[in-house]
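See below for the structure under consideration.
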Amino acid sequence: MRINHAILIRALPADRLEDFVNDWLAQRCKDYHSHELWRGTGDMGRDVTGYVTNKRMEGPWDNFQCKQLSKVLSETSTFVELGKIFMHSADGAYTLPHSYTFVAPCGVARAVQQFIAHPERFRQAFLDRWDTDIAGRLVEKKTILLTAKIEAKIQAFDFTQIHWLDAARLVDDPACKPALVKWFGEDPGPSPRGVVPVEIQASESAYISQLLKLYEEKGPGTYPNAATALANPDFSTHLRDQRTRFFDSVAFDRFYRDSTPEDYLVAFKDEIYHGVVEIHNDDHVNGLARLSQVMRQAAILQPSGILGKHAGPQVKQGTCHQFANEGRLPWYR
């Protein structure tokens with residue numbers, strides 16, 4: 001039975017929703033240089049901010065306002081939350097955000113949806129309703145008048161960049177997958193198989209160069225490049241198998257790097273390393289014997305966690321070639 005993650009997100013306490021959104025933004029590395037979680041009093045209308053450049057709030061930034069409510073986000077609350085941004089920006093606390101997204105797991109009121117769908121109507125409503133609906137709700141026991149500076153901020157902001165996400169929309173964002181894995185044990189599913197290119201790639205040159213040395217060590221002959229080994233019936237199948245394993249492990253890494261938290265892949269590789277390092281360091285007749293014993297051991301390892309569940313023998317074996325590439329467990333020494 002498939003887990004309804006939207007229901008689980010709607011059940012999170014308010015502060016945990018902010019943490020969840022922070023983890024979600026951590027995966028949107030293509031969108032942001034970095035991100036920051038603001039918590040408690042003094043957040044000045046910001047819950048989680050995504051920074052486009054290393055200038056952070058002195059450069060382009062996006063605001064994600066988390067509203068964990070038992071019902072939809074009301075029209076009044078929407079005006080007040082956005083009003084805080086215009087007020088604090090007019091006071092010089094920060095520049096206007098590039099975009100503003102309400103993360104409201106239960107959704108927004110139909111009137112809010114209509115305003116967001118009509119940006120200029122939304123802007124005019126801010127100007128028309130500031131005194132009646134916003135001014136007395138921004139700061140406790142104070143009335144914040146619509147000054148020329150605040151009005152200038154309202155006029156300057158791009159209202160097409162106001163968005164909303166309910167729990168279902170959040171779950172559907174591909175960047176949310178790692179957060180779902182971390183928070184709710186979502187299974188990201190199996191990775192695709194690797195594709196072995198015909199030509200030797202720079203990414204595999206280090207371990208292949210080591211394999212060629214092992215072939216020379218066993219003899220007879222010399223192998224200045226992969227083509228010479230592939231032309232030799234004694235080593236051609238062996239080399240093709242190693243490349244298949246390597247590219248399966250690369251595809252595995254790429255898939256789970258995008259679909260699980262970063263530390264999951266790190267932990268998986270550490271378990272593979274510690275599962276084979278003693279055998280790698282044992283005395284062997286020759287380098288090919290060392291490689292063969294390490295491959296046998298890697299194939300039967302049972303790493304923990306969701307990645308261990310989806311790692312077939314060739315992925316675990318290919319990970320050892322990655323270690324050889326990095327000089328961590330070289331095949332030839």
Discussion item. Taking the conditions exactly as written (touching a helix residue (DSSP H, G or I) at 6+ places or on another chain (Cβ under 6 Å), more than 20 Å from Arg193 (Cβ to Cβ), assigned by TED's automatic domain parsing to the domain that holds Lys213 and surrounded by fewer than 17 Cβ atoms within 10 Å (Cβ to Cβ)), does Gln297 satisfy them or not?
Written reply: no
Practice prompt. Kindly establish whether His280 is more than 30 Å from Ala26 (Cβ to Cβ), modelled with pLDDT of 95 or more and in contact with a helix residue (DSSP H, G or I) (Cβ under 8 Å, 6 or more places away or on another chain).
Written response: yes
Worksheet item: Of all residues in segment 252-285, how many are farther than 26 Å from Asp187 by Cβ and surrounded by fewer than 20 Cβ atoms within 10 Å (Cβ to Cβ)?
Response: 8
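Does segment 217-236 contain at least one residue that is closer than 27 Å to Ala289 by Cα, touching a residue at least 40 places away in the same chain (Cβ under 8 Å), in the same structural domain as Asn286 (by TED's automatic domain parsing) and not aliphatic (A, V, I, L, M)? Don't jump to the end; show me each part of the working.
If we filter segment 217-236 for residues that are closer than 27 Å to Ala289 by Cα, which is where we start, we get 217-236.
When the remaining residues are screened for being touching a residue at least 40 places away in the same chain (Cβ under 8 Å), the result is 217-218.
Among the residues that remain, those that are also in the same structural domain as Asn286 (by TED's automatic domain parsing) are: 217-218.
Now restrict to residues that are not aliphatic (A, V, I, L, M): 217-218.
Taking every residue of segment 217-236 in turn, at least one turns out to be closer than 27 Å to Ala289 by Cα, touching a residue at least 40 places away in the same chain (Cβ under 8 Å), in the same structural domain as Asn286 (by TED's automatic domain parsing) and not aliphatic (A, V, I, L, M).
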Fill in: Which listed residue is over 23 Å from Phe157 (Cβ atoms), surrounded by fewer than 20 Cβ atoms within 10 Å (Cβ to Cβ) and out of contact with any helix residue (DSSP H, G or I) (no Cβ under 9 Å at 6 or more places or on another chain), from Thr53, Thr41
Thr41
Worksheet item: Does segment 43-54 contain any residue that is of a type in the set (Val, Ile, Thr) and under 25 Å from Ile144 (Cβ atoms)?
Response: yes
Worksheet item: Would it be correct to say that Arg290 is within 27 Å of Glu199 (Cα to Cα) and either surrounded by 15 or more Cβ atoms within 10 Å (Cβ to Cβ) or not charged (D, E, K, R) (or both)?
Response: yes
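Looking only at segment 301-324, which residues are of a type in the set (S, T, N, Q) and either under 16 Å from Arg257 (Cβ atoms) or not assigned by TED's automatic domain parsing to the domain that holds Glu271 (or both)?
Taking segment 301-324 and keeping what is of a type in the set (S, T, N, Q), we get 302, 304, 314, 317, 319, 322.
Scanning segment 301-324 gives Thr319, Gln322.
Looking only at segment 231-241, how many residues end up being in a loop (DSSP other than H, G, I, E, B) and acidic (Asp, Glu)?
Initial filter on segment 231-241 (in a loop (DSSP other than H, G, I, E, B)): 231-235.
Now narrow it down to the ones that are acidic (Asp, Glu): 234.
So the answer is 1.
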Response to the item:
Going through (1) without any contact (Cβ under 8 Å) to a residue 40 or more places away in the chain; (2) of a type in the set (D, E, K, R); (3) assigned to a loop (DSSP other than H, G, I, E, B) one by one, Glu36 fails only at (3)
Fill in: Filter result (buried (at least 16 other Cβ atoms within 10 Å of the Cβ) and closer than 15 Å to Val181 by Cα) within segment 309-322
His310
Worksheet item: What are the pairs, 6+ residues apart or on separate chains, where a residue within segment 270-297 that is among the hydroxyl-bearing types (Ser, Thr, Tyr) has its Cβ under 8 Å from a residue that is crowded, with 16+ Cβ neighbours inside 10 Å?
Response: Tyr273/Phe323; Tyr273/Leu329
Fill in: helices (runs of 4 or more DSSP H) wholly inside segment 51-165 containing at least 2 residues that are in the same structural domain as Arg10 (by TED's automatic domain parsing) and among the β-branched types (Val, Ile, Thr)
75-90, 110-117, 148-156
Worksheet, complete the sentence: Per the filter on segment 180-230, residues at pLDDT 95 or above, part of a loop (DSSP other than H, G, I, E, B) and β-branched (Val, Ile, Thr) are Val195, Val196
Worksheet item: Arg193 fails exactly one of the following numbered conditions: (1) out of contact with any helix residue (DSSP H, G or I) (no Cβ under 7 Å at 6 or more places or on another chain); (2) among the basic types (Lys, Arg); (3) not assigned by TED's automatic domain parsing to the domain that holds Ala109. What is the number of that condition?
Response: (1)
Worksheet item: Taking the condition surrounded by fewer than 20 Cβ atoms within 10 Å (Cβ to Cβ), out of contact with any strand residue (DSSP E or B) (no Cβ under 7 Å at 6 or more places or on another chain), closer than 30 Å to Asp19 by Cβ and in the same structural domain as Asp31 (by TED's automatic domain parsing), does Ala175 pass?
Response: yes
Fill in: Options Ala135, Ala93; residue that is out of contact with any Asp or Glu (no Cβ under 7 Å at 6 or more places or on another chain) and under 16 Å from Asn63 (Cα atoms)
Ala93
Discussion item. Just to check your reading of the model, which residue among Thr260, Thr244 is of a type in the set (S, T, N, Q) and farther than 30 Å from Trp183 by Cα?
Written reply: Thr244
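The values are calculated or read from the model by the stated rules, or taken from the named source; none is laboratory data. This one's a predicted model, so the numbers in the text were calculated from it and none came from an experiment. Neighbour counts run over all protein chains shown; Cβ positions are idealised from the backbone, glycine included.
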